[in-house]
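The values are calculated or read from the model by the stated rules, or taken from the named source; none is laboratory data. Note that the structure is predicted; figures quoted are calculated from it, not measured. Please note: Cβ atoms are built from the backbone with ideal geometry, for glycine as well, and neighbour counts cover all protein chains shown. These accessible areas exclude ligands, DNA and RNA; they are computed on the full protein's heavy atoms, side chains included. Shrake-Rupley method; radii C 1.70, N 1.55, O 1.52, S 1.80 Å.
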Amino acid sequence: MSGLEAADISAAYDAVRSDKEPTNWLLISYAGATGSKLALTSTGTGGLSEMAASLDDAEVQYGYVRIEYANDAESTRVKFVLVIWIGEGTKVMRKARVSVESGDVKRVLAHHSIAVTASDKSELEEKDIVARLRKAGGADYNGGRG
């Protein structure tokens, strides 16, 4: 097994998706895990920027983050983003496993509006991610003025 079936990953995923929980991101990786299984590395309440700060440049990691943004003057939207992090210092053979492994991760963290593959933290700026979410979200009744 990949480790993705672990109860703590499922509980963290449910917490990020819940409107009643403060947790808004989780991170899964091999760091700190025993053997070759993915494990829950960390969770937090500080959003995309906090999760991005927790990424390791020498690792492949999978993040799941809840993003809330203004749809128009009267409403907000909540969307979920899957982040596939391939740090620039990751070993070549480890990078090679991402294509197969990310499919397994996508099945476990199934409900997301977009998936973002990144290797530089500048690719995870919240304003850029929100712009992508707006495009993926369909109708924009505020003309992109958000």
- For residue 49, work out the one condition from (1) open to solvent by 50 Å² or more (accessible area, probe 1.4 Å); (2) closer than 22 Å to residue 134 by Cα; (3) not in a helix (DSSP H, G or I) it doesn't fulfil. (3)
- Note on the structure: Screening 65, 60, 83, 78 for residues that are crowded, with 17+ Cβ neighbours inside 10 Å and over 12 Å from the mean Cα position of the chain (by Cα) leaves only 60
- Within the range 27-39, can one find any residue that is under 14 Å from the mean Cα position of the chain (by Cα) and open to solvent by 10 Å² or more (accessible area, probe 1.4 Å)? no
- Query: Do any residues in the range 91-104 that are farther than 23 Å from residue 5 by Cβ have Cβ atoms under 9 Å from those of residues that are of a type in the set (A, V, I, L, M, F, W, C) and surrounded by 10 or more Cβ atoms within 10 Å (Cβ to Cβ), where the two are at least six apart or on different chains, and which pairs are they?
  - Reply: 91/58; 95/60; 95/86
- Item | the range 86-111 - residue that is of a type in the set (Gly, Ala, Ser) and over 17 Å from residue 15 (Cα atoms) and, of those, surrounded by the most Cβ atoms within 10 Å (Cβ to Cβ) | 87
- Here are 16, 105, 83: which of them is within 27 Å of residue 134 (Cα to Cα), part of a strand (DSSP E or B) and of a type in the set (Val, Ile, Thr)? 83
